[in-house]
Amino acid sequence: MAPLSRRALLGGALSALSLAAGRHSAWAEVAALRERALRKGLFYGCCASTAHFGDAPFIQALAREAGALVPEWEGKRGRIEARRGVLDFSAADRLAEFAANHGMLFRGHTLVWWNSNPAWLNAALDAASPPESLLTGYVDAVVAHFRGRVHSWDVVNEAIEPKDGRPDGLRACPWLRAFGPAYLDIAYHTARAADPGALLVYNDYGMDTADPWQAARQHAVIGLLEGFRRRGVPCDALGLQAHLKTGSNFDQEHLRRFLAEVTALGYRTLITELDVADHGGMDIAARDRAVADLAGRYLEVALDQPQTIGVVTWGLSDRYTWLDRRPWTRWVEAWRPRPLPLDSALRRKPMWHAIARAIDAAPHRPGG
Ligand code: 9MR
């Protein structure tokens, strides 16, 4: 065979290159958020509920886009231990199995919270000398049940409430009344012992802006995280819920500084419940642009930080969102909230593209 001329070689190389570039832009056009995140050593996921399992198109979208799953409600104590002493994992197990079958990480949410507790538990915690087993027995049993299947646990959720007036900013919740501030340490130690392989997270909201009510929360969270380090409490990461609102005072530099403070203490960070509330109205395109712009600016900073390991949105499609609870939103489509990456017909919205862009721009994580 005649040797290939230089020109033919060059031509071949160029067309191979343009083929690769073409393939890349086709990929960039269609690749799901989970693939984009994986490529960077990150994860993207969302919360879901077994109530959605009958909605086949939604479930297809979920399997396509999400690389991590977290129960929206069915992992909470009010669901798992509605009756004292009877642990019902049926719904949480179905979600964990769904995640495993679709190659998704599974997040546990949440072991210790002031909200969504069964009424019997709040009464028992407020009674005289409550036994510590109300805390340790549950954390141990639930974490052990899921041992080896959970990527990360939101061990304690929303323990901060500066408005309650304590110098440490802790929320005056039933757990604090029953066991004092030590309830947090006990919960993390118990969780670590029950599943040494799971990442243990402290999860909270109001970590996003410099507004005074949020700044007070951030100050208290830093104090809490410093205390964990001083006392050797096994908490590995801060979960930032990121329930954002258009029109709020979001400032990228403020978030950057806050994340730097958290990571300087040796914590990783993750975005656990991202969604963007807006003000409703008929101009859908303008609303979608504002939601996407805020989510994009937020993630640009959060994912630029190498200690941030992933992002979870609080839902996938506007079809199912906790923000959609007002009766009139059921029939006036234009007034329904649009806080999530897919619209209610499961089409990708500008917010989806903003998340994709932020993930694509993120630096590669070590090992990713
Ligand atoms: O979206 C969740 C909603 O369906 C539940 O009724 C509610 C109470 O359990 O919790 C909502 O999710 C919350 C999450 O668990 C913790 N951070 C705030 C979320 C929105 O309220």
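Along its three principal axes, how long is the range 220-368 when you only count alpha carbons? Whole Å, largest extent first please.
Principal-axis extents of the range 220-368 (Cα, largest first): 53, 31, 26 Å.
Run lengths n ≥ 4 of DSSP H only: what is the helix-derived mean residue ellipticity at 222 nm for the chain, with -39500 (n - 2.57) per run over all residues, to the nearest 500? Before the final figure, lay out each step's value.
On the way: 13 runs with 164 residues, N = 368.
That comes out to -14000 deg cm²/dmol.
With Cβ to Cβ distances under 14 Å as the rule, what net charge do the other residues near Arg257 carry (K, R +1; D, E -1)? Provide the component values of the computation, followed by the final result.
Working: positive: Arg256; negative: Asp208, Asp251, Glu253, Glu261, Asp304.
Local charge sum for Arg257: -4.
With springs only between Cα atoms under 10 Å, which of Pro131, Pro341, Pro162 fluctuates most in a Gaussian network model of the chain?
Result for the chain, Cα springs under 10 Å: Pro131 fluctuates most.
What is the local net charge at Gln305, summed over the other residues whose Cβ is closer than 12 Å to its Cβ (Lys, Arg +1; Asp, Glu -1)? Don't skip to the end; give the middle numbers.
Details: positive: Arg256, Arg257, Arg268, Arg365; negative: Glu261, Glu300, Asp304.
After counting each charged neighbour, the total is +1.
Based on the alpha-carbon set only, what is the convex hull volume of the range 144-273 divided per residue, in Å³?
Working: hull volume 14.5 nm³, N = 130.
So the per-residue hull volume is 112 Å³.
FRET efficiency for Trp335 and Val30, Cβ-Cβ distance as r, R0 = 51 Å, nearest 0.05? Before the final figure, lay out the partial values.
Values: r = 31 Å, r/R0 = 0.62.
Calculated value: 0.95.
Taking only C-alpha pairs under 8 Å that are 6+ residues apart, what is the relative contact order of the chain in percent? It would help to have the intermediate numbers written out before the result.
Details: 642 pairs, mean separation 57.5, N = 368.
For the chain, the relative contact order is 16 percent.
How do Arg39, Arg83, Arg177 stack up against each other in accessible area, from largest to smallest, with a 1.4 angstrom probe? The partial results should precede the final answer.
Numbers: Arg39 95, Arg83 165, Arg177 140 Å².
Largest accessible area first, the residues go Arg83, Arg177, Arg39.
With θ set to phi - 60° and the Karplus curve 6.51 cos²θ - 1.76 cosθ + 1.60, what are the ³J(HN,Hα) couplings of the range 128-138 in order, to the nearest whole Hz, using x for Gly and Pro?
Couplings: 5, 6, x, x, 4, 4, 4, 8, 5, x, 6 Hz.
Can you send over the solvent-accessible area of Asp168, 1.4 Å probe, protein chains only, in Å² to the nearest 10?
It works out to around 60 Å².
Using amide H atoms built 1.01 Å from N in the peptide plane, name the residues 5+ places from Thr308, or on other chains, whose amide H lies under 5 Å from its own.
Residues meeting the criterion, in which the H sits 1.01 Å from N, are Thr269.
Quick one: in the range 226-269, what % of C-alpha pairs are over 18 Å apart?
Within the range 226-269, distances greater than 18 Å cover 39 percent of Cα pairs.
Could you tell me the distance between the Cα centroids of the range 37-112 and the range 190-205, to the nearest Å?
Using only Cα atoms to place each centre, the spacing works out to 17 Å.
Which order do His24, His145, His219 take by accessible area at a 1.4 Å probe, largest first?
On the way: His24 95, His145 65, His219 145 Å².
Largest to smallest exposure gives the sequence His219, His24, His145.
Principal axis lengths of the chain from Cα atoms, whole Å, largest first?
Here the spans come out as 92, 50, 42 Å, largest first.
DSSP loop (so not H, G, I, E, B), at most 15 other Cβ within 10 Å: list which chymotrypsin sites (Phe, Trp or Tyr not before Pro) in the range 21-102 pass both filters.
Numbers: sites: Trp27, Phe43, Tyr44, Phe53, Phe58, Trp73, Phe89, Phe98; in loops: Phe53, Trp73, Phe89.
Counting only loop positions with at most 15 other Cβ atoms within 10 Å, the chymotrypsin sites (Phe, Trp or Tyr not before Pro) in the range 21-102 are Phe53.
On a 0 to 90 degree scale, rounded to 10, what angle separates helix 350-361 from the longest Cα axis of the chain?
Once rounded, one gets 80 degrees.
Among Arg287, Arg268, Arg348, which one shows the biggest mean-square fluctuation in a GNM of the chain, springs joining Cα atoms closer than 10 Å?
Greatest mean-square fluctuation among the candidates belongs to Arg348.
If I take every Cα pair under 8 Å that is 6 or more residues apart in the range 180-289, average their sequence separation and divide by the length, what percent do I get for the relative contact order?
Averaging sequence separation for qualifying contacts and normalising by length gives 28 percent for the range 180-289.
Springs between alpha-carbon atoms under 10 Å, Gaussian network over the chain: tell me which of Asn122, Asn203, Asn101 tops the mean-square fluctuations.
Answer for the Gaussian network model of the chain: Asn101.
Less than 12 Å Cβ to Cβ from Ile186, Lys/Arg counted +1 and Asp/Glu -1: what total charge do the surrounding residues give?
On the way: positive: Arg192, Arg231; negative: Glu132, Asp140, Asp185.
Within the 12 Å Cβ shell, the charges total -1.
The values are calculated or read from the model by the stated rules, or taken from the named source; none is laboratory data. No experiment lies behind these values; they were computed from the predicted model shown. Here the Cβ is made from the backbone with ideal geometry for all residues, glycine too, and neighbour counts use every protein chain on show. Keep in mind that these areas ignore ligands, DNA and RNA; they rest on the heavy atoms of the full protein, side chains included. Shrake-Rupley method; radii C 1.70, N 1.55, O 1.52, S 1.80 Å.
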